[in-house]
Amino acid sequence: MTTIDPAPQPRATAEQVQAALKDSKLAQILYHDWEAETYDDKWSISYDKRCVDYARNLFDATVPPEELRRLPYDRALELGCGSGFFLLNLIQAGVARRGSVTDLSPGMVKVATRNGENLGLDIDGRVADAEGIPYEDDTFDLVVGHAVLHHIPDVEKSLREVVRVLKPGGRFVFAGEPTSVGNTYARSLSTLTWRVATNATKLPGLDGWRRPQAELDESSRAAALEAVVDLHTFGPDDLERMARNAGAVDVSTATTEFTAAMLGWPLRTFEAAVPPGKLGWGWAKFAFNSWIGLSWLDDNVWRRVVPKGWYYNVMITGVKPS
């Protein structure tokens with residue numbers, strides 16, 4: 001495998017992108033190091049009540065209700081931690097007491113551990129490949145991840161590693177994975193939004209809404225890398241099968257976001273196409289409240305008639321045999 005300097009790189013050149021197109025793990029490092037310092041802002045990630053409640057709701061929607069009486073777990077691991085969104089907010093929500101974070105990207109591990117320290121949480125971090133988790137057998141009570149499995153070349157191998165490092169009876173929870181159907185409409189809507197926004201802002205009178213061409217080119221390079229690092233989409237049944245093959249028991253899946261994803265992806269893409277700060281607080285409030293409203297509709301109305309696999313996100317949980 002091609003290697004790069006482990007120090008985070010804030011920008012990627014066209015040459016680096018071309019090299020990464022031939023090496024998916026290099027692409028993972030390059031893309032996520034590139035995104036690390038701005039990742040929380042890009043995805044509106046916070047460590048206050050809004051995201052604490054969101055992370056806890058994902059957890060509660062995935063695990064059996066009787067499991068909630070077991071909380072808090074003593075020691076938890078986040079696989080492919082990114083900036084630490086899932087585990088740090090779950091710890092604040094009372095799901096675990098202390099945690100470890102791992103990611104293939106040194107830049108992401110740096111940001112996640114810094115976020116944990118700023119919150120006063122008991123966190124340690126390691127740069128690690130999810131297909132070879134650098135911890136002993138039977139180490140953790142809980143392993144979590146958010147939007148990570150679709151980045152891993154061999155998902156079943158990684159899940160075997162997850163089962164290995166769990167203590168007997170320990171649980172894993174992975175959320176935020178794209179379904180095959182959901183990814184199709186999300187990508188299509190995002191591409192259409194990007195094309196419309198970047199072309200419309202060329203019109204007279206809209207020049208103040210157009211980002212500098214150098215920034216648009218950089219976003220295009222990021223999008224090219226994103227297409228490389230997103231390796232998989234999943235059907236709920238296929239994901240359950242891989243977890244059982246990895247040795248897990250009591251495996252189950254849940255899905256979330258249908259119309260909310262159809263709105264959310266175009267909104268995020270539009271935000272990336274215009275200058276930072278241009279949209280203001282009113283836009284942020286509109287986007288968040290619209291997403292909340294459509295999420296309620298998805299959970300309480302559409303779920304009765306829409307097949308499970310049509311939702312955008314799939315979540316999975318399982319247990320290491322006692």
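As a test, work out the antiparallel percent of DSSP beta bridges whose residues both lie in the chain, rounded to the nearest 5.
Taking every DSSP beta bridge with both residues in the chain, the antiparallel ones total about 35 percent.
Could you state, as a whole-number percent, how many of the C-alpha pairs of segment 168-322 are farther apart than 20 Å?
The calculated P(r) of segment 168-322 puts 60 percent of pairs beyond 20 Å.
Express the C-alpha Rg of segment 258-322 as a ratio against the empirical globular expectation 2.2 N^0.38 Å, rounded to two decimals.
This ratio for segment 258-322 stands at 1.48.
Roll a 1.4 Å probe over the protein chains and send me the accessible area per residue for the chain in Å².
46 Å²
Would you please put 186-195, 63-72, 139-148 in order of how densely packed they are, using the mean number of other Cβ atoms within 10 angstrom per residue and starting with the highest?
My ranking of the peptides, most packed first, is 139-148, 186-195, 63-72.
Just need log10 I(q)/I(0) for segment 75-148 at q = 0.22, 0.27 Å⁻¹, Debye formula, equal scatterers on the alpha-carbon atoms, no solvent, rounded to two decimals.
Once normalised to I(0) and log-transformed, intensities are -0.88, -1.33.
Cα to Cα, under 22 Å, and not fewer than 8 places away if on the same chain: which lysines meet these conditions relative to LYS285?
Leaving aside lysines fewer than 8 places away in the same chain, those within reach of LYS285 are LYS42, LYS49.
Report D for segment 192-246 in µm² per second (integer): Stokes-Einstein, Kirkwood Rh on Cα pairs, 4 °C, 1.567 mPa s.
Translational D for this selection: 90 µm²/s.
With n ≥ 4 as the cut-off for DSSP H runs, can you work out [θ] at 222 nm for the chain, using -39500 (n - 2.57) per run divided by the number of residues, rounded to the nearest 500?
Roughly -15000 deg cm²/dmol at 222 nm, from the helical runs in the chain.
Just checking my list (1) 16.3; (2) 17.5; (3) 19.7 against mean projected area of the Cα convex hull in nm² computed from this structure; which label fits?
(1)
Counting each pair of different Cα atoms once, what's the Kirkwood radius of segment 14-132 in Å, rounded to one decimal?
Hydrodynamic radius (Kirkwood, Cα pairs) of segment 14-132 is 15.0 Å.
Over all distinct alpha-carbon pairs, what is the Kirkwood Rh of segment 82-199 in angstrom?
15.8 Å
Going by alpha carbons, how many degrees (0 to 90, nearest 10) lie between the helix axis of 49-62 and the longest principal axis of the chain?
50 degrees
Could you please state, rounded to a whole Å, how far the C-alpha centre of segment 15-90 is from the C-alpha centre of segment 229-301?
Distance between centres, Cα-based: 13 Å.
7 Å from Cα along Cα→Cβ at both LEU119 and THR184: what's the point-to-point distance in nm?
Going by the 7 Å Cα→Cβ label model, 3.7 nm.
The values are calculated or read from the model by the stated rules, or taken from the named source; none is laboratory data. Remember, predicted model here, so these are calculated numbers, not experimental data. As a convention, Cβ positions derive from the backbone with ideal geometry for all residues, glycine included, and neighbour counts pool all protein chains shown. Areas reflect the complete protein model, heavy atoms only, side chains present, ligands, DNA and RNA absent. Shrake-Rupley method; radii C 1.70, N 1.55, O 1.52, S 1.80 Å.
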